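The values are calculated or read from the model by the stated rules, or taken from the named source; none is laboratory data. This structure is a prediction, so every number in the text was calculated from the model and none was measured. Positions of Cβ are backbone-derived with ideal geometry, glycine not excepted, and every protein chain shown enters the neighbour counts. Side chains included, ligands, DNA and RNA excluded: accessible areas come from the protein's heavy atoms. Shrake-Rupley method; radii C 1.70, N 1.55, O 1.52, S 1.80 Å.
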Amino acid sequence: MAQKNNDEQFKNVISHAKEYGFVFQSSEIYDGLSAVYDYGQLGAELKNNIKTYWWKAMVQMHENIVGIDSAIFMHPKVWKASGHVDGFNDPMIDNKDSKKRYRADQLLENKIDELYSELANFSAANKAKFEEFQQEILGLSDEGQAAWIPGFKDEETILDHAKYPFVEEASWRFVKKGLALEVEMNLALKSENLAQLKDLIVDYKVICPISKTSNWTDVRQFNLMFSTQFGAMAEGSDEVYLRPETAQGIFVNFLNVQKSGRMKIPFGIAQIGKAFRNEVIARQFIMRMREFEQMEMQFFVRPGEDKKWFEYWKEARLKWHKALGTNPEKYRYHDHVKLAHYANAATDIEFEFPFGFKEVEGIHSRTDFDLTQHQEYSGKKMQYFDNDLNDEGKPYGNYVPYVIETSIGLDRMFLLTMINAFEEQDLSTEDKQDSRTLLRLHPALAPYKVAIFPLTKKDGLPEKAREIMDTLKFDFNCIYEEKDAIGKRYRRQDAVGTPFCITVDHQSLEDNTVTIRHRDSMEQERIAIADLSEIIGKATSWKTLLA
Ligand code: GAP
């Protein structure tokens, strides 16, 4: 039931986003372009406000972080150095009957989830013990993990009961099969053994959800980068890529920024910009897109201080999310057990979307991998001279800095914000059925800060309302509306998250007061026009989020 409600709520958010001009399917009149979306008049405002919140929190609030705006096109060697040309692949498999293409690892993950669903029959204590055991296994060496597989696959094998008391559960044989598959899949992915991935799909009887058959092709690697032609390049190749992450634009400019900005380590470089990935499985609205925006920051630190800064940024970034007033239980960290070859620590900040906990932001301790790679591929030194003194009283000297990265998807943050704010309220009384749809956005993020309504279209009220708008519009995004009854106008603004509505009536002409209506409480009060700016300014100030 909860699932159905969640699905319904998600569908309602999507149609609301379209109805009120937040998000449209790209090229909709041509039936759309899959996994590409346009932001409408209010979506663009909300998106800009989220960007501003991030930029202020990262750049303006930190004396040692600066922002850049690097180009989408980069020298092709950048993507060789970063590992994207050789390693930014998804293993894909086609079902020959439905002709549908799937990510092999996602098919297997669904199967693992199906087997793990038996955990619902475990007591909470046994489930926790299992999860501890699972982490223990996944943390072992490849050989150590592989050694467990036969026992997990054997229906009869029971673990030492004293050490693993949860194994008595009837569901254990499914759960341990899930663990066997998880381990086997991880090992196959790590060694890029595509034949093994196909074998797992066949052995574990994974079927295509559309054709319901297991008539599969072989698994093939599919690079996620888009490429295009760029005129003549020095090396004869004219193929360039649309960047799949903004981070590399920061790495290649590390020394430019450090030298021109006289930056001292530790310091950060932030950037907001488009990224492109040819996602094969693109779904869940703007959750996984082919063209999207990232807000990334690379923080350059002294080697050996990376763990400390990783913890700092992990905490600081979650604090940024929670400052918006989100229920803290909707957020959690997901520490990576399996690390990318260049990382020595990584965690995701996950949010509970209607379709489950999913990653919104990654915090990665990327070591000196990227700068070292660029040093090697470009032949240019990527070192920093640190003249601070170490414990022995000597300068730290030259080194390639270590990097902590924070990387958040702007579109995912947008979706999270819409889902969080969307509320359908039943306002019925004994006498009357009533309801309203509300976007309970933080006032600093709201597309319009204030709506200004003349009570009627005559008697000089529109002129007075416009006069007020002409003073407020320099500081706040305002909307003027004179059509429809006041109640209807209030509802329209509730639906787009406008925190304040101001109504100009006949009394306003006499004593320069107006009524101000508060979106969340729907309370109205009479105040002096002269006080409007201060009241709206206080509620919508970035200080409410950043201080
Ligand atoms: N520089 C590191 C990096 O790009 P990532 O985990 O691949 O790491 C970071 O991406 C964030 O970008 C994710 O947490 C997610 O919010 C967002 N993101 C990644 N792929 C996306 C896609 N196809 N559509 C929308 N957002 C995406």
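Some points to look at:
- Summed residue charge, Cβ within 15 Å of Arg262's Cβ, Lys/Arg positive, Asp/Glu negative: -1
- Using C-alpha pairs below 8 Å separated by at least 6 residues, the relative contact order for the range 491-536 is 30 percent.
- Fully extended contour minus Cα-Cα distance, from Glu359 to Lys394, at 0.36 nm per residue: 8.3 nm
- Packing, as the average of other Cβ atoms within 10 Å across residues, places the peptides 244-254, 389-399 in the order 244-254, 389-399, highest first.
- If you plug the beta carbon distance of Glu291 and Lys80 into 1/(1 + (r/R0)^6) with R0 = 25 Å, you get a FRET efficiency near 0.60.
- Trypsin sites (Lys or Arg not before Pro) restricted to the range 445-520 and DSSP loop, no more than 11 other C-beta within 10 Å: Lys457, Lys458, Lys483
- Counting only protein heavy atoms and using a 1.4 Å probe, the accessible area of His161 comes to about 90 Å².
- Taking label points 7 Å from Cα along the Cα-to-Cβ direction, Lys381 and Tyr164 give a separation of 5.4 nm.
- Estimated from the Cβ-Cβ distance and a Förster radius of 30 angstrom, the FRET efficiency linking Asp97 and Arg283 is about 0.90.
- Accessible-area value, Thr429, 1.4 Å probe, nucleic acids and ligands omitted, Å²: 90 Å²
- Close amide H partners of Val23, meaning residues 5 or more places away or on another chain with modelled amide H under 5 Å apart, are Lys18, Gly40.
- Amide H contacts of Asp386: Gly397, Asn398, Tyr399, each under 5 Å away and 5 or more positions distant or on a separate chain (H built 1.01 Å from N in the peptide plane; Pro and chain starts excluded).
- Helical contribution to [θ] at 222 nm, DSSP H n ≥ 4, -39,500 (n - 2.57), averaged over the chain, rounded to 500: -11500 deg cm²/dmol
- Residues whose amide H falls under 5 Å from that of Ala275, counting only those 5 or more places apart or on a different chain, are Phe292, Glu293, Gln294, with hydrogens built in the peptide plane.
- Computed label-point distance, nm, for sites Asp154 and Leu339 using a 7 Å Cα→Cβ extension: 3.4 nm
- Length-normalised contact order of the chain in % [C-alpha pairs under 8 Å, at least 6 apart]: 14 percent
- In the chain, the longest principal axis of the Cα atoms and the axis of helix 104-116 are about 90 degrees apart.
- Sequence-ordered 3J(HN,Hα) estimates for the range 9-19 from the Karplus curve with 6.51, -1.76 and 1.60 and θ = phi - 60° stand at 4, 5, 4, 5, 5, 5, 6, 5, 4, 7, 4 Hz, glycine and proline given as x.
- The range 303-439 - charge dipole about Cα centre, Lys and Arg +1 at Cβ, Asp and Glu -1, debye rounded to 20: 380 debye
- Cross-link partners of Lys543 among lysines (Cα-Cα below 21 Å; sequence separation of 8 or more within a chain): Lys47, Lys51, Lys56, Lys319, Lys322, Lys449, Lys473
- Using a probe of 1.4 angstrom and keeping all protein chains present, the accessible surface of the chain works out to 49 square angstrom per residue.
- 16 Å Cα-Cα reach of Lys96 towards lysines, excluding residues that sit fewer than 8 places from it in its own chain: Lys198, Lys205, Lys212
- Overall shape: oblate for the range 227-339, with the ratio a/c of the largest to smallest alpha carbon gyration tensor axis at 1.5 or above and b/c at least equal to a/b.
- Qualifying trypsin sites (Lys or Arg not before Pro) in the range 189-284, DSSP loop, other Cβ atoms within 10 Å at most 11: Lys205, Lys212, Arg262, Arg283
- Whole-Hz couplings from phi, Karplus 6.51/-1.76/1.60, listed for the range 407-416; x for Gly and Pro: 9, 10, x, 5, 5, 5, 5, 5, 4, 4
- Positive dipole terminus of the range 1-101, leading residue within Val85, Met61, Ile50 (C-beta point charges): Val85
- Each Lys and Arg Cβ is given +1 and each Asp and Glu Cβ -1; about its Cα centre, the range 121-267 then shows a dipole of about 640 debye.
- Rounded if a/c under 1.5, otherwise prolate or oblate - the range 65-117, Cα gyration tensor axes: prolate
- For the range 351-501, the residue among Thr471, Leu389, Leu416 whose Cα projects farthest onto the positive side of the dipole built from Cβ charges is Thr471.
- Using C-alpha pairs under 8 Å with a sequence gap of at least 6, the mean separation divided by the residue count of the range 169-246 gives a relative contact order of 18 percent.
- Solvent-accessible area, 1.4 Å probe, carbon plus sulfur percent, for the chain: 49 percent
- Across the range 247-257, coupling constants 3J(HN,Hα) worked out from phi with the 6.51/-1.76/1.60 Karplus curve, θ = phi - 60°, read 3, 5, x, 7, 4, 5, 9, 3, 6, 4, 6 Hz, and Gly and Pro carry x.
- Of the GluC sites (Glu not before Pro) found in the range 489-545, the ones in coil according to DSSP and having at most 10 other Cβ atoms within 10 Å of their Cβ are Glu523.
- Placing unit charges on the Cβ atoms only, positive for Lys and Arg and negative for Asp and Glu, gives the chain a dipole magnitude near 900 debye about its Cα centre.
- Site pair Ser214 and Lys483 shows an inter-label distance of 5.9 nm when each label is modelled 7 Å from Cα along Cα→Cβ.
- Prolate/oblate/rounded label for the range 17-76 (Cα gyration tensor, a/c 1.5): oblate
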